[in-house]
Amino acid sequence: MNKIYSLKMRAAKELDGREKHVSGAERLVPESAVIPAAESLVNRALHHSNGTPDIINLKIELQDRSDILHLDALPVRTIKTHTSQEGQEKMCELLKEIGVPHAEEIVGMLLKIRGMRGAMLLDSCTLERLEKDPLRGVRVTYMDAAESAVRNSNPEKNHFSEALILATKVVHAPNIQAEICISDDTDYCTGYVASKELGYVRITKLKEQGSRVGGRIFIYDGDQADKEKTIDYLEKQSVLVHGVSLTPDKFPEEAHLPSRIEEIRDDLNKLKEKHLHRSMLSIEGTQGTHVKINENDVLMFSSNNYLDLANDARLKAATVEALEKYGVGAGGSRLISGNMQPHRDLESLVAKFKGTEAAITFATGYMANVGCIQALCGEGDVIFSDELNHASIIDGCRLSRAHIVVYKHCDMEDLENKIRKFSNARGMVVSDAVFSMDGDIAPLPELLEISKRYGLITLIDEAHATGVIGATGHGICEHFNLTVKPDILMGTFSKAVGSQGGFCCAGSDIIDYIKNRARSFIFSTAPSPAIAAASSEGISIIMSEPWRVKSLQKNMKLLCKIFAKHGVAANSDSAILPVILGEESKAMEMSLKLLQDGILVSAIRYPTVKRGSARLRIALMAAHTEDEIKRVVKSINKYI
Ligand SMILES: *Cc1c(COP(=O)(O)O)cnc(C)c1O
């Protein structure tokens, strides 16, 4: 009779004098398959995504054949869920179906497990944990597919078949009512419920993509005095599982589901039906108050190039000069090898411009917000965020894993009420200075006063404030004549400055911290030195030619006055004036008609603004003439 051997592989790395687990796997195979199985296990150890191991342990033990338990694989079915909440509810329902008490609590416990290699053994009545070592949990070993060919043919880790083998063994343990599991892989959101009655039920979505939650719970139903028998079975009983398949795909519930590609096509069609589909205009030539589209001259009222610097001769000359002197690419991130003179010059200049100790620059304003917020806030912090804040702020908040509390737009009473609900909260208040789609200005004096009173730091996004508001374009602090400043003033070189890139200005400790923590700074190549030089030139011009900012501000007053003359109430202190139209289709239609008249005013719709608040967004430039401003108002009036 053929002998059966157990093979166990464990690979580890030495880290700070301690052994760190890299990977592990095991097989239970006939003598004839020991060598190929050993080879595939060692292969797996050597090529694991966790890194190359320093130590590989391979233990090969002869098994007592009479002691091997043969089981049929549990029948598999799949429940497709679309949200993690739906998945979790399904899991609870299944547990209740087989009479598990406290199903919600148990699933709640599963959703808290992180980084535990073994499983939790949980008394379903008392919710007590029964493992000897709660850090390690119970480790199930000595099991494999009986048809070892199934696994020999596939040296890669097969999550599905390994889970099915494990679940089949587990639910046959004495006093085990069920097993629940959620994948600890951040890329997989799946999990399953397994029991003798239910079989193996896959649930396709149980957690959010990227979540590090993951683990398994064995639900114990019996006298606690018998737990040794259960643990002994799980850890030592050899089990061969018959009829294990490699993929769950051939099960009928899944077979008829549309593929992801089909869903994508469906979604695209829906977007088109709802007038939410986006396409791009092609601008030929340079940016300015006039641009070329399809060879036609078009009057531009849609650009953030507020001071008309994007095509300024001096910015171009500074770029060319830096290009000759420093080349095109920076070749590495700032922290490694890409920190060049133009970057350093730009940072001291922008810090001086904003009146702070220090500054840090990023490749874009988007990256500045995402990196800075993620660097300064983390799990356990609370971020209070205006409901109309820019998407890059929202994404930074999400990436930080802090708790996010959204307050009503510019409503300081609502902000304070919400802060009060989190007594002693540590964290941040974050707001646009000028709101990008509404053009209004955050009530900064009150915002600073409240934040200070509750010990919260403040981040103000000056993307549309820099070079636009304040008597000389220095931004929101100048606008309100404030001497106290927010803790962090963020902004972009891509709008009024006419170049590209983002920045954060703050005290030198905060900047140093951001440099050490912001992932979008650390893990991205430094922007081109030529672009950094262009940004410096743009800032210098804003400082030396204050008439540009004056002219922009004068133009907005004029625009509002002309609208008023036509009976349309209009008011803005920034360079942005929204004309709210409501329906998405109406905004699109207006924008198209204006374009036919040779004027580019963009229509802004969901998801950039709330559904049903679609609008035209007029963006002014310092270089617009009175006649041009009259022309846009006249055209809009014609169609309104
Ligand atoms: C444009 C914008 C950003 C992003 O800046 P980019 O340099 O374009 O990436 C951030 N915040 C607000 C409010 C913006 O309008």
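The values are calculated or read from the model by the stated rules, or taken from the named source; none is laboratory data. What you see is a predicted model, and the numbers here were worked out from it, not measured in a lab. Here Cβ is always computed from backbone atoms with ideal geometry, including for glycine, and neighbour counts include all displayed protein chains.
Restricting attention to the range 555-575, does a residue exist that is free of Cβ contacts under 8 Å to residues at least 60 places away in the same chain and under 38 Å from the mean Cα position of the chain (by Cα)? Taking every residue of the range 555-575 in turn, at least one turns out to be free of Cβ contacts under 8 Å to residues at least 60 places away in the same chain and under 38 Å from the mean Cα position of the chain (by Cα). Of everything in the range 65-82 that is surrounded by 12 or more Cβ atoms within 10 Å (Cβ to Cβ) and over 22 Å from A145 (Cβ atoms), the residue that is nearest to the chain's Cα centre (by Cα) is T81. Residues of the range 373-426 being at positive phi and within 16 Å of the ligand (Cβ to nearest atom), which ones? Correct list: C410 only. For the range 339-370, how many residues are more than 16 Å from the ligand (Cβ to nearest atom) and β-branched (V, I, T)? Counting residues in the range 339-370 that are more than 16 Å from the ligand (Cβ to nearest atom) and β-branched (V, I, T) gives 1. Of a type in the set (G, A, S) and surrounded by fewer than 24 Cβ atoms within 10 Å (Cβ to Cβ): which single residue out of G470, G491 fits that description? The match here is G470. Among the residues of the range 594-601, are any assigned to a strand (DSSP E or B) and touching a residue at least 12 places away in the same chain (Cβ under 8 Å)? Within the range 594-601, one or more residues are assigned to a strand (DSSP E or B) and touching a residue at least 12 places away in the same chain (Cβ under 8 Å).
Within the range 405-414, can you find the residues that are farther than 20 Å from E462 by Cα and surrounded by 18 or more Cβ atoms within 10 Å (Cβ to Cβ)?
Within the range 405-414, just V405 meets the criteria.
Can you confirm whether the range 538-558 contains a residue that is surrounded by fewer than 19 Cβ atoms within 10 Å (Cβ to Cβ) and either within 16 Å of the ligand (Cβ to nearest atom) or of a type in the set (D, E) (or both)? So far as the range 538-558 goes, yes, one or more of its residues are surrounded by fewer than 19 Cβ atoms within 10 Å (Cβ to Cβ) and either within 16 Å of the ligand (Cβ to nearest atom) or of a type in the set (D, E) (or both). Note on the range 447-461: among residues that are in a loop (DSSP other than H, G, I, E, B) and not aromatic (F, W, Y), the one that is farthest from the ligand (Cβ to nearest atom) is G455. Taken over the range 495-509, the criterion of being within 9 Å of the ligand (Cβ to nearest atom) and closer than 20 Å to A358 by Cα is satisfied by Q500, G501, G502.
Remark: T492 matches the filter, which requires a residue to be among the β-branched types (V, I, T), in contact (Cβ under 8 Å) with a residue 40 or more places away in the chain and within 16 Å of the ligand (Cβ to nearest atom).
Here A322 passes the criteria (1) under 16 Å from Q500 (Cβ atoms); (2) touching a strand residue (DSSP E or B) at 6+ places or on another chain (Cβ under 9 Å) except the one numbered (2). Looking at the range 381-402, is at least one residue surrounded by 17 or more Cβ atoms within 10 Å (Cβ to Cβ), farther than 25 Å from P578 by Cβ, in contact (Cβ under 8 Å) with a residue 40 or more places away in the chain and acidic (D, E)? Yes, the range 381-402 contains a residue that is surrounded by 17 or more Cβ atoms within 10 Å (Cβ to Cβ), farther than 25 Å from P578 by Cβ, in contact (Cβ under 8 Å) with a residue 40 or more places away in the chain and acidic (D, E). Annotation for the range 598-615: no member residue is at pLDDT 95 or above and exposed (fewer than 14 other Cβ atoms within 10 Å of the Cβ). The combined condition, being in contact (Cβ under 8 Å) with a residue 24 or more places away in the chain, under 18 Å from V239 (Cα atoms) and exposed (fewer than 13 other Cβ atoms within 10 Å of the Cβ), is fulfilled by E31.
Annotation: of all residues in the range 473-487 being more than 24 Å from W547 (Cα to Cα) and either without any contact (Cβ under 8 Å) to a residue 60 or more places away in the chain or small (G, A, S) (or both), the one that is nearest to the ligand (Cβ to nearest atom) is P486. For the range 430-446, the count of residues that are hydrophobic (A, V, I, L, M, F, W, C), more than 27 Å from R611 (Cβ to Cβ), within 16 Å of the ligand (Cβ to nearest atom) and surrounded by fewer than 23 Cβ atoms within 10 Å (Cβ to Cβ) is at least one. Here L127 meets each of (1) within 24 Å of P30 (Cβ to Cβ); (2) in a loop (DSSP other than H, G, I, E, B) with one exception, condition (1). Annotation: I580 fulfils all but one of (1) in contact with a helix residue (DSSP H, G or I) (Cβ under 7 Å, 6 or more places away or on another chain); (2) hydrophobic (A, V, I, L, M, F, W, C); (3) modelled with pLDDT under 95; the unmet one is (1).
Of the residues in the range 106-120, none is surrounded by fewer than 21 Cβ atoms within 10 Å (Cβ to Cβ), at positive phi, touching a strand residue (DSSP E or B) at 6+ places or on another chain (Cβ under 7 Å) and modelled with pLDDT of 90 or more. Report yes if I336 is farther than 30 Å from T289 by Cβ, within 16 Å of the ligand (Cβ to nearest atom), of a type in the set (V, I, T) and at pLDDT 95 or above, otherwise no. So I336 fails the test. Give the range 428-458 a look and list any residue that's among the acidic types (D, E) and free of Cβ contacts under 8 Å to residues at least 40 places away in the same chain, or say none. Hits for the range 428-458 are E446, E449.
Can you tell me how many residues within the range 177-208 are in contact with a strand residue (DSSP E or B) (Cβ under 8 Å, 6 or more places away or on another chain) and assigned to a loop (DSSP other than H, G, I, E, B)?
The total comes to 7.
Counted as qualifying within the range 6-103 are the strands (runs of 3 or more DSSP E) with 3 or more residues that are more than 30 Å from K196 (Cα to Cα), namely 18-30, 55-62. Given the condition touching a Ser or Thr at 6+ places or on another chain (Cβ under 8 Å) and more than 16 Å from the ligand (Cβ to nearest atom), answer yes or no: does some residue in the range 465-472 qualify? Looking through the range 465-472, none of the residues is touching a Ser or Thr at 6+ places or on another chain (Cβ under 8 Å) and more than 16 Å from the ligand (Cβ to nearest atom). Within the range 497-509, residues that are touching a residue at least 24 places away in the same chain (Cβ under 8 Å) and among the polar types (S, T, N, Q) have Cβ atoms under 8 Å from residues that are within 12 Å of the ligand (Cβ to nearest atom) and assigned to a loop (DSSP other than H, G, I, E, B) in these pairs: S499/F493; Q500/A363; Q500/T364; Q500/F493; Q500/S494; Q500/P527, counting only partners at least 6 apart in sequence or on another chain.
Restricting L46, L62 to residues that are more than 38 Å from the chain's Cα centre (by Cα) and either surrounded by fewer than 17 Cβ atoms within 10 Å (Cβ to Cβ) or in contact (Cβ under 8 Å) with a residue 24 or more places away in the chain (or both) narrows the list to L62.
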